[in-house]
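Trainee: Have a look at this one.
FYI, it's all coordinate maths here, none of it is from the lab. Keep in mind that this is a model prediction, so the values were computed, not measured. Here the Cβ positions follow ideal geometry from the backbone for every residue, glycine too, while neighbour counts run over all protein chains shown.
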Amino acid sequence: MEFLHLPDGALGDGLVLTHGAGSNCGAPLLVAVAEAFCAAGMAVLRCDLAFREARPHGPPFPAMAAQDRAGLARAVRALRGRVPGKVFLGGHSYGGRQSTMLAAEEPELAAGLVLLSYPLHPPRRPADLRTAHFSKLVTPALFVHGTRDPFGSVEEMRAALASIAGPHEMLAVEGAGHDLRAARVAAMVVEAFKRFGEGCRGLR
């Protein structure tokens with residue numbers, strides 16, 4: 001399943017946005033963030049990952065992760081065919097993790113990353129870090145992280161992000177958990193993205 005949000009007026013930049021392990025592209029967080037970016041002038045493609053297209057419920061299989069990334073790459077290229085500007089990539093939790101891994105594999109694919117609640121490690125297992133690819137990540141990346149996220153504290157995130165090769169920034173959302181259910185979080189993400197680097201000039 002996929003849904004394309006088109007802004008009023010001329011098209012410019014675009015964003016591909018995908019979901020976490022237990023959800024789909026209709027997740028309320030994704031809808032809210034997509035609508036906020038669209039209102040700011042960006043076309044947004046919300047899409048399901050390959051594992052969710054294969055079955056409506058259940059978590060992803062590690063063996064399917066490469067297929068999930070391949071689907072994201074196709075979505076980026078498809079949106080690039082629709083918009084004249086830059087195309088960004090991002091997602092919530094597992095979707096964001098796969099976006100970073102894809103960007104590490106294909107540095108030229110996306111102009112930048114928007115990562116909502118990056119799952120740094122499983123809850124209560126801080127030693128099992130999901131950061132092996134960070135040193136190869138050169139794509140500009142904005143991380144949005146709740147201060148009560150059990151998948152990694154803000155302090156743990158800051159320490160892990162130091163190993164990223166490219167430009168990066170983290171927006172800490174006070175009081176939010178992994179689901180980022182906080183007031184105005186979508187507007188906060190867009191404002192942080194506007195401020196983050198040269199590649200965000202397409203937003204109005």
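Trainee: 222 nm [θ] for the chain, helices only, -39500 (n - 2.57) per DSSP H run of 4+, per residue, to 500?
Mentor: Estimated from H runs of four or more residues: -9500 deg cm²/dmol.
Trainee: Could you please rank Arg124, Arg195, placing first whichever residue has the fewest other Cβ atoms within 10 Å of its Cβ?
Mentor: Arg124, Arg195
Trainee: While we're on this one: Let me know the shape class of the chain, please: from the alpha-carbon gyration tensor, a ≥ b ≥ c as square roots of the eigenvalues, rounded when a/c is under 1.5, otherwise prolate if a/b is greater than b/c, or oblate.
Mentor: Rounded.
Trainee: Long-range amide H contacts for His168: which residues qualify at under 5 Å (H placed 1.01 Å from N, peptide plane, sequence gap of 5 or more or a different chain)?
Mentor: When sequence neighbours closer than 5 places are left aside, the close amide H contacts are Ala141.
Trainee: Return a whole-number percent for the relative contact order of the chain, with Cα pairs under 8 Å and 6 or more residues apart as the contact set.
Mentor: Answer for the chain is 20 percent.
Trainee: Then there is this: List the GluC sites (Glu not before Pro) in the range 129-179 that DSSP assigns to loop (not H, G, I, E or B) and whose Cβ has at most 10 other Cβ atoms within 10 Å. Which are they?
Mentor: Within the range 129-179, the qualifying GluC sites (Glu not before Pro) (loop, at most 10 other Cβ atoms within 10 Å) are Glu174.
Trainee: Give the residue from Ala104, Val16, Leu79 lying farthest towards the positive end of the charge dipole for the chain; charges sit on Cβ (+1 for Lys and Arg, -1 for Asp and Glu) and the dipole is referred to the Cα centre.
Mentor: Leu79
Trainee: How big is the gap, in Å, between the Cα center of the range 1-69 and the Cα center of the range 76-94?
Mentor: Taking the Cα centre of each part, the range 1-69 and the range 76-94 sit 10 Å apart.
Trainee: Sticking with this structure for a sec: Under a Cβ-Cβ cut-off of 14 Å, what is the net charge of the residues other than His133 that fall near it, where Lys and Arg count +1 and Asp and Glu count -1?
Mentor: Value of the local net charge: +2.
Trainee: Now, a different point. Where Lys and Arg each count +1 and Asp and Glu each count -1, what net charge lies around Val83 among other residues with Cβ under 14 Å from its Cβ?
Mentor: +3
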